[in-house]
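The values are calculated or read from the model by the stated rules, or taken from the named source; none is laboratory data. What you are looking at is a predicted structure, and each value in this text was computed from that prediction instead of being measured. Reconstructed Cβ throughout: ideal geometry from the backbone, glycine too, with neighbour counts over all protein chains shown. The area values use the complete protein model at the heavy-atom level, side chains included, leaving out ligands, DNA and RNA. Shrake-Rupley method; radii C 1.70, N 1.55, O 1.52, S 1.80 Å.
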Amino acid sequence: MSAAFASVPKYKLNNGRDIPAIALGTFLGFDEHGMTKSQNKQLRNVILEAIDIGYRHFDTASVYETEGEIGEAVRMKIKEGVVQREDIFLTTKLWNTQHKREQVMKALQETLQKMELNYVDLYLMHWPIALNDDYTHSDVDYMETWRGMEDVQRLGLAKSIGVSNFNKEQLQRVLQEGSIKPVVIQIEIHPQIIQKELVDYAQSQDIVVMGFSPFGSLVMRYGMQFPGPKLDNPVLMEIANKYKKTTPQVVLRWLVDRNIIPIPKTTKHKRLEENINIFDFELTSEEIAMINRFDSKTRYTFPSFWQTHPHYPFESIENPIADPFVKN
Ligand SMILES: NC(=O)c1ccc[n+]([C@@H]2O[C@H](COP(=O)([O-])OP(=O)(O)OC[C@H]3O[C@@H](n4cnc5c(N)ncnc54)[C@H](OP(=O)(O)O)[C@@H]3O)[C@@H](O)[C@H]2O)c1
């Protein structure tokens, strides 16, 4: 067991199961050809390294096309005797084109075939938005989809179920109308979008929050620098120097200190180590407040091309970008 793993705590989910307090992200981003694909088992090798470093929780989605290599790495490490299946926590997500109740089980079965595993630990509805195969809007209600999510948990294909990119009202509705309570909500959280209200609400309902894109403006996104705090931001640097940590570590710790599971993504060995090495210090409430002050409600996952969908979860804007998926 590596030193890093020994120090990663776990949260208790509302169904009694455990979830590790940090997850490795596996969305590889975009390049000039569209979504970046893993070449020559690059991602599988990252997961193998990550398991050696101490990561036990991996975040994927059917739309990322990384499920197969994650499953392969996990199976290799089980075969090597490094871990057992129950030591690993796999989170994956249902895509928007498979929202009819009967499609949910089929979608998860396809995921499990790709992973060559019998179950996932956590299955999330990626968005409350249903789409047809051609990416036109579908009127399937997310509560119908939730029934399908409940089916796969009852069948044991997913040990737990939850939601992603839901707003407060949508989460409330799942709590009111669903039979199984979601264990997790996964949303975008970084210094520029602290999501105080939604985090407080979810945590008051005993729902664990996972925070994606934790580095916000600190890093390049879509090949660009966006306005907002950078790696050398003086406020973050001051805190980092105090604890002899880096500014990415401070931002990840800010999430942990709010009881949020950060999902940093990296494919680099040094950064895999850096990003998990955050469980030996703690920010003060004043330092947490200093980072909260960067909040400008800025999202980087902002699919405004879906904003006319009846279940679009976010605020609308005047000039939405064109849907890259719909062919004219
Ligand atoms: N539910 C959803 O809709 C949703 C949406 C978006 C993301 N997610 C999940 O959240 C994960 C993370 O989000 P993200 O990939 O958008 O953003 P992120 O983790 O905030 O940022 C990733 C970027 O930061 C760089 N990086 C990582 N560690 C670093 C460090 N210590 N110092 C400097 N740079 C560092 C990475 O580069 P290198 O790889 O080159 O190190 C990569 O370019 C995704 O992979 C995915 O699993 C979920």
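Scan segment 300-328 for residues that are modelled with pLDDT of 85 or more and under 23 Å from residue 125 (Cβ atoms) and the total you get is 18. Number of residues in segment 103-151 that are closer than 25 Å to residue 78 by Cα, in contact with an Asp or Glu (Cβ under 9 Å, 6 or more places away or on another chain) and among the hydroxyl-bearing types (Ser, Thr, Tyr) equals 1.
Condition check ((1) closer than 26 Å to residue 303 by Cα; (2) of a type in the set (D, E, K, R)) across all residues:
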site	(1), (2)
41	no, yes
55	no, no
61	yes, no
78	no, no
99	yes, no
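Taking first residues from segment 21-37 that are farther than 18 Å from residue 223 by Cβ and partners that are more than 8 Å from the ligand (Cβ to nearest atom) and open to solvent by 70 Å² or more (accessible area, probe 1.4 Å), the Cβ contacts under 7 Å between residues at least 6 apart in sequence or on separate chains come to 21/10. Scanning segment 196-206 for residues that are crowded, with 22+ Cβ neighbours inside 10 Å and either at pLDDT below 95 or within 15 Å of the chain's Cα centre (by Cα) (or both) yields a count of 0. Looking only at residues that are of a type in the set (Val, Ile, Thr) and without any contact (Cβ under 8 Å) to a residue 60 or more places away in the chain in segment 52-79, which one is surrounded by the fewest Cβ atoms within 10 Å (Cβ to Cβ)? Among them, the one singled out is 78.
Among the criteria (1) more than 14 Å from the ligand (Cβ to nearest atom); (2) not in a strand (DSSP E or B), the one residue 159 does not fulfil is (2). For segment 11-40, a residue qualifies if it is away from the ligand (no atom under 16 Å from the Cβ), modelled with pLDDT of 90 or more and open to solvent by 30 Å² or more (accessible area, probe 1.4 Å), and the qualifying residues are 11, 12, 14, 15, 16, 17, 18, 40. Hey, could you check segment 165-211 for residues that are small (Gly, Ala, Ser) and in a helix (DSSP H, G or I) and say which is farthest from the ligand (Cβ to nearest atom)? If we take residues in segment 165-211 being small (Gly, Ala, Ser) and in a helix (DSSP H, G or I), then 204 is farthest from the ligand (Cβ to nearest atom). Tell me whether segment 114-128 contains one or more residues that are open to solvent by 10 Å² or more (accessible area, probe 1.4 Å), farther than 18 Å from residue 184 by Cβ and under 20 Å from the mean Cα position of the chain (by Cα). The answer is yes, given that some residue of segment 114-128 is open to solvent by 10 Å² or more (accessible area, probe 1.4 Å), farther than 18 Å from residue 184 by Cβ and under 20 Å from the mean Cα position of the chain (by Cα).
Among the helices (runs of 4 or more DSSP H) confined to segment 212-309, the ones with at least 2 residues that are within 13 Å of the ligand (Cβ to nearest atom) and surrounded by fewer than 16 Cβ atoms within 10 Å (Cβ to Cβ) are located at 269-276.
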